[in-house]
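A short write-up of the structure that comes next.
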Amino acid sequence: MTALPESSLRYDYAIVRVVPRVERGEFMNVGVIVLCGPANFLACSFEYNRDRLRALDPQLDMDMLDNSLNAFRSACVKGDNSNSRSLRNVFDFLVATRSAVLQVSPVHSGFSRQIDTVVESLMARFVRLP
């Protein structure tokens, strides 16, 4: 096992998914939520292609989806001025298991020396098409 540099910070993240028809289990990754308690960092980012989502479900309510993603954004922004404990509470609320059109993956962890680049890196890895 490789030792991590002392300046590396542990972060938790979850991938945000749109599951247009829950009963089918099909989904599209549309964003990430990242928490790094030691850096007092909570952030999220979302992007999606409406045509790809409509291919999964032509009836998908895009306004409802936009409102749901905006609620996630608002929670992350409100957490910006919080301490690490309340950031953890916000993160835990956002990643809670739910059976809805908007769902999240299990929480995963990583390490980074540049926590401010993690969101963009995860978006490129899990959300954007190559």
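Readers should treat all values here as calculations from the given coordinates under stated rules, not as data from a laboratory. Worth saying up front: this structure is predicted, and the values here are computed from it rather than measured. Glycine gets a Cβ as well: all are built from the backbone with ideal geometry, and neighbour counts include every protein chain shown.
Side notes on the structure shown:
- With Cα atoms, 0 to 90° folded angle of helix 62-78 axis to the chain main axis: 20
- Each Lys and Arg contributes +1 and each Asp and Glu -1, all at the Cβ; summed about the Cα centre of the range 9-127, the dipole is approximately 300 debye.
- Rounded if a/c under 1.5, otherwise prolate or oblate - the range 4-130, Cα gyration tensor axes: prolate
- Since only SER112, PHE72, SER99 are under comparison, the one whose Cα sits farthest along the positive direction of the charge dipole of the range 58-130, derived from C-beta charges on Lys, Arg, Asp and Glu, is SER112.
- Between helix 84-94 and the chain there is an angle of about 20 degrees, using the helix long axis and the longest principal axis of the Cα atoms.
- Shape call, the range 1-69: gyration tensor on alpha carbons, a/c limit 1.5: prolate
- Largest GNM mean-square fluctuation across LEU56, LEU94, LEU42, computed for the chain with C-alpha springs under 10 Å, falls on LEU56.
- Considering only SER74, SER86, SER99, the Gaussian network model of the chain with Cα springs below 10 Å gives its largest mean-square fluctuation to SER99.
- Value of [θ]222 nm, deg cm²/dmol, for the chain, DSSP H segments ≥ 4, -39500 (n - 2.57) each, nearest 500: -9000 deg cm²/dmol
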